[in-house]
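Coordinate-derived values only; no laboratory data. Worth saying up front: this structure is predicted, and the values here are computed from it rather than measured. Cβ: placed from backbone, ideal geometry, glycine included. Neighbour counts: every protein chain shown.
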Amino acid sequence: MSMHGSLRHMRSLLFVDSRYECKVPAQFAKIFKKGAGMEMPTSDSDWDYPLTDEDLRAIDAVISSAKRHRLDDASARSPPKLRRRLPSSLFAFQQQQQQLQGFNTINFPFSSCSSRCYGRTTSPVSHFQEIKFGGRIVYSRTTKEVEKAAQELLDFVEAKKKDGGQCYLGLDLEWRPSFRRGVSPGKVAVMQICGDNSCCHVLHLIHSGIPKNLQSLLEDDTSLKVGAGIANDAKKLWKDYNVSINTFQDLSDRANQKLGGEHKKWGLSSLTEMLLCKKLPKPNILRLGNWEVNVLSNEQLKYAAADAYVSFYLNQVLNDYPDPVFNDATQMEAT
């Protein structure tokens with residue numbers, strides 16, 4: 001969850017370049033002033049306004065409009081750059097996964113980027129298709145249901161160990177953000193875990209807590225939990241539940257190791273666009289919504305499962321990607 005602080009974080013989301021005409025929601029008109037590339041809150045008390053669903057939809061519209069304008073300008077100013085081609089092993093990943101036991105009836109909803117798309121600094125993101133998880137979503141809300149789900153995942157990890165393979169679990173967390181000054185964000189409310197392309201578990205921890213077998217899974221050293229910004233998630237989980245995630249890999253760090261070049265702060269969405277030529281939807285009405293509701297909506301379940309699944313899949317892509325030392329000679333720029 002990238003937006004887990006106060007409403008102050010919304011300043012960067014609502015930044016509007018003065019060259020573009022983007023309508024800011026009326027509630028925020030007095031908080032943000034356009035001009036010379038700066039946004040200026042009129043007073044700290046302005047950050048105390050709560051956000052409604054209508055506000056969140058309006059924010060999405062502003063962001064989308066600004067991104068389109070900036071992308072058009074970037075395309076006009078900068079020629080495209082071509083970097084290393086994706087290795088052929090990545091294009092075989094779908095077939096390899098389908099050959100694994102129990103996965104032969106599941107199809108991946110997307111494939112890796114083609115060499116024509118991968119590595120361009122100004123890819124036509126607006127033309128990318130959206131990623132959607134097509135497998136089974138298992139929603140667990142009560143302590144008993146979460147215990148059962150955690151046991152299934154423990155059995156999955158044990159089976160991987162017997163096969164002699166490394167077990168990777170895509171993992172992400174959601175919690176209710178705070179929009180008021182001096183009010184801390186809520187506890188971790190949802191944990192989503194995905195270990196293959198067939199099933200993702202969505203655990204509603206705000207109602208169930210963390211039972212012992214889920215704690216055992218999280219503290220297990222033999223399964224590597226992967227995600228974007230997962231170190232911050234681990235800190236949040238420890239603070240809220242006194243449970244640690246013992247072994248994890250940040251996909252942003254992994255991407256910087258594999259892709260080489262300038263060190264970047266990668267998120268799930270940017271990595272999805274870069275490596276898969278797909279869009280990972282992040283609507284604010286879900287991302288900044290209430291994850292402490294009594295029962296998660298279908299939209300929330302799909303959102304949560306997609307994050308865990310994409311974390312798992314991007315890790316597989318990066319594992320197959322060759323180290324940059326073997327590919328620097330192939331890097332070239334279009335003239």
| Estimated FRET transfer efficiency when R0 is 30 angstrom, pair Asp253-Asp163 (beta carbons, to 0.05) | 0.65
| field | Extended-chain gain in nm, criterion 0.36 nm per residue less alpha-carbon gap, Asn242 and Glu262 | value | 3.6 nm
| task | Quick one: which residues, 5 or more positions from Lys278 or on another chain, have an amide H under 5 Å from its amide H? H modelled 1.01 Å from N in the peptide plane, none for Pro or chain starts. | result | Glu273
| task | For an R0 of 30 angstrom, estimate the FRET efficiency from the Cβ-Cβ distance between Ser184 and His127 and round to the nearest 0.05. | result | 0.15
| task | With r as the distance between the Cβ atoms of Ser270 and Leu154 and R0 = 41 Å, compute the FRET efficiency 1/(1 + (r/R0)^6) and round to 0.05. | result | 0.80
| query | Residues in the stretch 270-289 near a label at Ser297, defined as backbone nitrogen under 19 Å from the 7 Å Cα→Cβ point? | reply | 281-289
| field | Of Lys236/Lys279; Lys187/Lys282; Lys132/Lys302; Lys187/Lys236; Lys212/Lys302, pairs whose Cα-Cα distance is over 18 Å | value | Lys236/Lys279; Lys187/Lys282; Lys212/Lys302
